[in-house]
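The block underneath contains the structure these notes are about, expressed in structure tokens.
Computed from the coordinates by the stated procedures, all read-outs in this text should not be read as laboratory data. Note that the structure is predicted; figures quoted are calculated from it, not measured. Glycine also receives a Cβ, built like all others from the backbone with ideal geometry; neighbour counts cover every protein chain displayed.
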Amino acid sequence: MTRLILAALAALSFLASPVASQDAPDAPLQTILQTHHDLVESASRRTVQTVLDDLIASGLPEVPAFLERWQARELYMRQSDGRFVYVQDEDADPLVLIDIDSGAEIGTAGSREVDQLRANRGVQTVIGAALVQFQLLSPDIATRATALEAIDRAPEPDQMPLIATMLEAETDPDLRADAESLLLRMTIAFGEDEAERVAAIESLAGRIDVQTRAALNPLLATRTGVASQLPEDANIAAVLEPGSDALPRLEAYDILVEEGLAPAFVSADDRRETLIANIEDGQIVGIQVHSLDNEEARIAAYAALVEAGLAPVSPTDEEVDAALAAHVFYEEYREASAAVTSAAEETVSAINTRVSILEMVDLSLDGISLASIYFLAAIGLAITFGVMGVINMAHGEFIMMGAYTGYVVQTIVPDYTVSIVIALPLAFAITFGAGVAMERTVIRWLYSRPLETLLATFGISIALQQITRQIFGAQARPFTAPDWLAGSLSFNDVVAISYIRIAIFVLGVLFFCLLWLILNKTRLGLEVRAVTQNPSMASSMGINPDKINMLTFGLGSGIAGIAGVAIGLFAQVTPELGANYIVQSFMTVVVGGVGNIFGTLAGATMIGFFQKGVEWLNPSNTLAAQTYMILFVILFIQFRPKGIVALKGRAAEM
Amino acid sequence: MGNLIKTNRSVPIVLALLAGFALLVTVLSEAYGSGGLSVSLTKTLGMTVCLCIIALSMDMVWGYSGILSLGHFAFFALGGYMIGMWLMYARTEDVIAASLAQGQLPATPAELNDAIAVQIFGVVGGDSFPWMWAFSHSLVAQLALVVLVPGILAFVFGWLAFRSRVTGVYLSILTQAMTLALSLYLFQNDTGLRGNNGLSGLQNIPGAEAIPQSQISIWFLWASIAALALAYVFAAWVMSGKFGNVIRGIRDDEARVRFLGYSVEGYKLFVFVVSAIMAGVAGALYYPQAGIINPDELAPIASIYLAVWVAIGGRGRLYGAVIGAAVVSLLSTWFTGGRAPDINLGFYTIQWVDWWTVLLGLGFVLVTLFAPKGLGGLVDLMTRKGEAK
């Protein structure tokens, strides 16, 4: 009825609008609008499409700009003659009116003489959808990309020809690839022709991006169905056996109950509710309530209720089994076409295989980067503990000092790159100094008592931690990586590694080479090895063991400082930073084999990969991964007490 | 016994001192005496006595056998967890049974069990009892587990480690790894012991709701003192005589003892397991007084502190361990409790709550460097004669 009235009104207003016919030759846009005058004036979500269809069909060049202004509520109507206009400045008084076809000024009007056409949200959306086709062909690449993204968010079948049209003219390769991919996915989702869809699905094989997977997965969505016979026409994914893992017995029965194919099963909870509902004066049909403190008594009481006709009969186990046996349960694809689902199934499994291979690659990269972190944290220990045999529990605090050095430098030098370049040598110098001081004052008195070194250095460790807490506070301090270390290098949607991890890996490799050179190719390295193997012999050869010990310990500590700068870039810089790494560092050195840096490398690699491997099996739980890693280390040491790289001959006697 | 007193003259002195201490706290207690000793101080003293027991067990493995275990708190906390499971279960059962009794139908055993499980494990998203709670309803079973769980863990770990002849620093690092692994494991919410929430409300003894904490705390203090006395006599007995000699021999030169035909691994394993059990019992007495246990208690640092107490007290002598644990932990409580007077230097005020750790750390260094015999060395100076050779 309303529609009839509207139509009548529209007809009346058409008759009453002389402007329409008058402006027809030079104002085609106005003409079209006046044809639908009321639909434009009081546009609604349901009716506005008619106007839009006519506008688009007209192919007028002004249409996109007009739609944009309409959507932005910049369209006005002159009350005197019903003519649609723009205004020059909506705050001006009187308003300067602009013709929507020519853009020429056509006089002024007071703000009470025009109506602003406020398109509501629904109308705006409909107009926006119509605008998309113009935006797809816009000369501005950003507009085209935005329009494409808008379609991707909420694709509609009728947008497919629009994208096809766009593709004919598209020159930008990236955008073209995006559009092609989107069209392919839309073909899969909305395509009419089965063969076309199957071809589209098959062409996606080997693509691992999230969008492709998101496009294929809905095709494989299933729902559980039940019937007395397996339906012929349904696209069956699998037949389910009640009582299996996929469909537990009671769950299967619940489906039957839901479908109205079997009487409801009375669970223990239902029974309880029914019993409570039937309590009268502390009794249930003559049975004392207080006697119902076990399941058997409750079942008996319920049976009494059933007999009295106060409760529904619960099917027995045999009846449940019979009902289940009389029906067949199946998983049915929501997608009707079997050809499409089987093609999708194949493609998805091919993609999954590829993804899992790539995940292994990604995991290996993670493993390498975790190994580099362990290596960096442990490499200083490999010298002080591995070569000299000193258990330095304050090693972690040297790492922490390195990280805080980075933080302090960054507060003074604001440029992140420069500050790191300064912080690296400075951290080495500071922790080298701290290491030498500690060696001179404490450790050199304890060379013959290694276990007591542990206690003394532990004392230093907790004192250093507390002093740091006093100076810098207990909360984490910001130590930011420069921009060129932010972000990550991603090879595809699955394999990616952050630049900071690459940097740590490179730093680890550098340290390794440097230390190997120092220990094996320099005079200092020779003397270090001599002193650690036989101090008295070395000193009779003219080597000063005191000096060498001091330098070696300083070197190990200094390296811990540099490692601290690197670790501080990705970890929280807190007083506990070093303590978090100390146990793992010792394990790395012990697993690898004491006495040479190859061992530490091997230990870090093994621990890093093992931990990542466990995390892969149970991704949500890094605590578990660490637990198993430590258990693994404990067991490993039982079977190879000297570590992976065990020294042989005289060097092993130390 | 007479022989024992002859070989270890500290035993009667320590027993007498403990008896005197027990008498003193009773006279001063709120429940039975003048009331000079507050409930919280009674608990602190009781917990300190438990720490003395674990220090004693640490001294057995480190001071006497030369095995520096940096994971002894794992055994201590496991003992606490075992008794905590019963305390928590039984107490929750009382509460839940009382609340279910308000319901219209009397609860079935299954309903009661489910309600208890939800009450205990709701905080970690669980609604049923994990397997390790199978015996939690039985005090006797959990008391047995207090002994068994640390004992078996120590046996398995020690058997693996000693058999492979992992010694010295390596063993220390492995024990440290063990306690770290256990602590990380318990930190997970789905491993059955309430993750980082731990077990709480352990100070409420089931069936003793009517008894005030002032009485319960003094009972626990008595029990702790009695346990320390027993542990002391037992340790002194084990370490006297031939067994003690072999153990000390292993500490001083393991290879030589092995060449003499002793099963070094067996001796070490025995001491390690016994010491772990002592630690477990100490933990079972400690945590009902502390009221809460969580995986933080197993963190490696706790066990390092334990080694430090023994070192400060003087290892290789049982009373040294007791003195060390008592002195350092009571001093820690005093300083960190805010009771120590701050020192105003004019330009800076030293607040002991913060600076105590620094003082403690430097204290370790000084003791290690200048007093390798620890506080027990002072006794030597007085008697001019060493106890342990």
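Quick notes
- A:Arg112/A:Thr480 FRET efficiency (R0 51 Å; Cβ-Cβ; nearest 0.05): 0.30
- Amide H contacts under 5 Å for A:Gly578: A:Met400, restricted to partners 5 or more places along the chain or on a different chain, H placed in the peptide plane at 1.01 Å from N.
- Computed from Cα positions, the angle between helix B:109-121 and the longest principal axis of chain B comes to roughly 50 degrees.
- Computed FRET value (nearest 0.05) for A:Thr222 with A:Thr143, which takes r as the C-beta separation and R₀ as 56 Å: 0.90
- Leading residue at positive end of dipole, region A:504-654 (Cβ point charges), from A:Val531, A:Ala624, A:Gly643: A:Val531
- The modelled label-to-label distance between B:Ile343 and A:Val257, using points 7 Å beyond Cα along the C-beta direction, is 7.5 nm.
- Two-site FRET efficiency, B:Phe21 against B:Asn197, from Cβ-Cβ distance with R₀ of 30 Å, rounded to 0.05: 0.30
- Annotation for region B:241-297 versus region B:1-80: alpha-carbon center distance of 17 Å.
- Simple label model, 7 Å out from Cα along Cβ direction - B:Val327 to A:Glu192, nm: 9.6 nm
- Its Cα gyration tensor gives region A:161-275 an equivalent ellipsoid, and the semi-axes of that ellipsoid, as √(5λ) in whole Å with the largest first, are 46, 16, 13.
- Taking Cα atoms only, the orientation of helix A:268-277 departs from the longest principal axis of chain A by about 60 degrees.
- Restricting the calculation to Cα atoms, every distinct pair contributes to the Kirkwood radius of region B:252-341, found to be 15.8 Å.
- Binned Cα-Cα distances of the protein assembly as shown, short to long, each 10 Å bin given as a whole percent: 2, 8, 13, 14, 14, 13, 12, 11, 7, 4, 2, 1, 0, 0
- Rounded, prolate or oblate (a/c below 1.5 giving rounded, otherwise prolate when a/b exceeds b/c) for region A:61-199 by Cα gyration tensor: prolate
- Anisotropy class of region A:301-375 from Cα gyration tensor, a/c 1.5 cut: oblate
- Distance between the C-alpha centres of region B:162-214 and region A:201-221: 48 Å, rounded to the whole angstrom.
- For A:Leu426, A:Leu510, order by how many other beta-carbon atoms lie within 10 Å, fewest first: A:Leu510, A:Leu426
- Loop chymotrypsin sites (Phe, Trp or Tyr not before Pro), region B:336-367, which have at most 11 other Cβ atoms in a 10 Å radius of their Cβ (DSSP): B:Phe347, B:Tyr348
- Spin-label pair B:Arg258-A:Phe598: with each label point 7 Å from Cα along the Cα-Cβ axis, the two points sit 2.7 nm from one another.
- Counting beta carbons within 10 Å around each of A:Met400, B:Met85 and listing the fewest first gives the order B:Met85, A:Met400.
- Anisotropy class of region A:356-653 from Cα gyration tensor, a/c 1.5 cut: oblate
- Shown here are the Rg and Dmax of the Cα trace of region B:2-299, at 21.3, 75 Å.
- Residue order, fewest to most beta carbons within 10 Å, for A:Asp101, B:Asp190, A:Asp158: A:Asp158, B:Asp190, A:Asp101
- Distance from the C-alpha centroid of region A:334-399 to that of region A:272-316: 59 Å, rounded to the whole angstrom.
- Against the main long axis of the alpha-carbon atoms of chain A, helix A:48-58 sits at an angle near 90°.
- Residue-averaged beta-carbon neighbours from other chains (10 angstrom radius) around B:103-115: 4
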